1. Excluding ligands, DNA and RNA, what is the solvent-accessible area per residue of region 461-614 at a probe of 1.4 Å, expressed in Å²?
2. Would you kindly derive the ³J(HN,Hα) couplings of region 223-231 from the backbone phi angles with the Karplus curve 6.51 cos²θ - 1.76 cosθ + 1.60 (θ = phi - 60°), listing them in order in whole Hz, with x for Gly and Pro?
3. I need the phi-derived Karplus couplings for region 117-124: 6.51 cos²θ - 1.76 cosθ + 1.60, θ = phi - 60°, integer Hz, Gly and Pro marked x.
4. For 499, 129, write out the residues from largest to smallest accessible area, computed with a 1.4 angstrom probe and no ligands counted.
5. If DNA, RNA and ligands are ignored and the probe is 1.4 Å, what is the ranking of 545, 97 by accessible area, most exposed first?
6. Roughly how many percent of the accessible protein surface of region 333-447 is carbon and sulfur, given a 1.4 Å probe and a whole-percent answer?
7. Summarise the accessible area of region 544-608 (1.4 Å probe, protein heavy atoms) by the percent that is carbon and sulfur.
8. Could you list, in their original order, any pairs among 212/448; 163/320; 217/320; 192/217 whose Cα atoms are separated by more than 29 Å?
Amino acid sequence: MKTEDKSPKKPLIFYYLIAMVVLMLLNALVFPMLMSTPVTEVGYNDFLNMIANKKVKEVAMEDDQILFSATDDNGQLAIFKTGRWPDDDLTNRLLDSGATFASVIPTQDSPLLSFLTTWVFPILFFIAIGQIMSRMLAKRMGGNALQFGKSNAKIYVESQTGKNFSDVAGQDEAKEALTEIVDYLHNPGKYKNIGASLPKGALLVGPPGTGKTLLAKAVAGEAKVPFFSISGSEFVEMFVGMGAAKVRDLFKQAADKAPCIVFIDEIDTIGKKRDSASGIGGNDEREQTLNQLLAEMDGFDSTRGVVILAATNRPESLDKALLRPGRFDRRIPVELPDLQGRIAILNVHAKDVKMEPNVDFDTIGRATSGASGAELANIINEAALRAVRMGRDAVTQNDLEESVETVIAGYQRKGAVISEKEKRIIAYHEIGHALVSARLKDAAPVHKITIIPRTSGALGYTMQIEEGDRVLMSRDDLLNQLTSLTGGRAAEEVVFGSITSGASNDIEKATQIARAMITRYGMSDQFGMVALETVNNPYLGADTSLMCSPETSARVDAEVQGVIASAHEKAVSILTANRALLDKLAQYLLEKETVTGEEFMAILEKEDGAAKLP
Ligand code: ADP
Ligand code: MG
Ligand code: ZN
């Protein structure tokens, strides 16, 4: 990827180098020209010889030396000096040789040079030092401390993002919506002729890791136009007014480069709702930045071929003004991938990785329901790393399955010490989940059970895989899930008569499901189809707020307890009825540590067959 920094900051060393070169040039060329003739020092003997040979022209006596001009060996007139020596006869001998007596022989530095060295250079030197210091200060303070109002926005023009739509798997609807923008950037004339104007901005909305940034880059790549990218957080500056200056700068640069794409990532950082409540001394800076952005978008001539894309995963927190017509009036949802999408994403990322021919992305896709594109990309990479660690030269299905757990459940914790007793409890707990769901009608089949701990804190892990992608869950499905979730704790009770902290995660999930059934899905007998809670942000999961009176809320809590309790009761009765099977499976898991769904079902069916025979 080629990036070109629009406001290059040359390092300090650069200025030092320039100074060095200038000094060297002065030394080599300029100073010698300013100097008068060089003075050669000779011995007193040579001086006397030169007098005898009548070579000396002029002589000047100084306090501690004798300066004289004479013709040198090449017949050129040159200036010499020698020390003084008690020599009474010197005057006569000089007179005889025809030399003249002078008071001064001009050998000193020229007045111009001495003026330069005593005045001009020192002053220049201090000015230079001052410059360098202020530059360093400005740098340390993270901006142009001495130049307000001028932005040093880190705006990158990536002339080629190197991405296009084929890099984005799935997301067909989003791609379709963006294709129009690409077409517009290719030939804006077509749109202008008919009088159509494209929306100025499009907002990519979706949970983290679903490929919003990737899509924006792909649009630039497809349209082959420059791509200005800036993250919302970069607008939030140390000095008030800098954010707004950056916005101004960004749009000015974009106008110069049109047609182009301006991409504002994580726009919610500046585009948050402006509420008067946070009033006094609130975030004035952010508000100014937002206002500037709105002003720029309004003042923008959309026929110029600049398209503004933005991305966010908190659309509900955006200021309404941003979503008004003429601004980001087009919303492009970028959702978590479905089964087909997941398989496609796995394939895209597997393109550059050596895979064994028999790897089956279908299984992996099914095991990763709810995973984002970023997580799937990570799974492929983890699998490749694992293959390298194991000294293999291609990725196997096993690598992929391991990395699903690594990415989704945390790294396998090697060498973690767990006592035999704890291990037994964990094995029974996990088999409890698996056995309960196997005994329920229409519950998701078990894919894998393991008691190898993960660094995420999970001590064991029972992976259940749905047959297809579920869009609708029936009341029975949800009750099945609840019963399976309580199966772990139920097994501990049935077998050991005591309970452990190992079920905390199950309890949390079960509570969430039970609450949602009652407050949002209208699945309780007591309340029926009354919404008791609203979801604040569909992308950030369990962020809900209550919509009912405190009395009702207390009744909801009671009903949540009731639903979970009856699920738990059911799990206990299933496990009690299947006690022998529970022991057998737990023993098997203890030995093997990891049991596949097929092994699990084989044991189950063998036992069931034996039970039916007599
Ligand atoms: P977002 O901006 O929505 O948080 P990114 O665009 O930064 O997500 O996605 C992160 C990474 O995840 C991408 O660089 C890419 O490797 C992978 N990724 C996400 N979605 C997809 C997809 N639909 N197809 C291929 N790769 C994807
Ligand atoms: Mg992003
Ligand atoms: Zn559990």
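1. Values: 8540 Å² over 154 residues.
For region 461-614, the solvent-accessible area averages 55 Å² per residue.
2. 7, 6, 10, x, 10, 8, 10, 8, 9
3. Once θ is set to phi - 60°, the couplings for region 117-124 become 6, 7, 10, 5, 4, x, 5, 4 Hz.
4. On the way: 499 95, 129 75 Å².
Of 499, 129, the descending order of accessible area is 499, 129.
5. Numbers: 545 45, 97 15 Å².
In descending accessible area the options line up as 545, 97.
6. Details: 2800 of 5590 Å².
Heavy-atom surface of region 333-447 belonging to carbon and sulfur, 1.4 Å probe: 50 percent.
7. Numbers: 2000 of 3570 Å².
Looking at region 544-608 in its full context, I get 56 percent from C and S.
8. On the way: 212/448 33 Å; 163/320 32 Å; 217/320 26 Å; 192/217 25 Å.
Exceeds cut-off: 212/448; 163/320.
The values are calculated or read from the model by the stated rules, or taken from the named source; none is laboratory data. Since the model is a prediction, treat every value here as computed from it, not as a measurement. When we count neighbours, we look across all protein chains shown, and the Cβ atoms used for this are built from the backbone with ideal geometry, even at glycine. Ligands, DNA and RNA are excluded from the accessible area calculation, which covers all protein heavy atoms including side chains. Shrake-Rupley method; radii C 1.70, N 1.55, O 1.52, S 1.80 Å.
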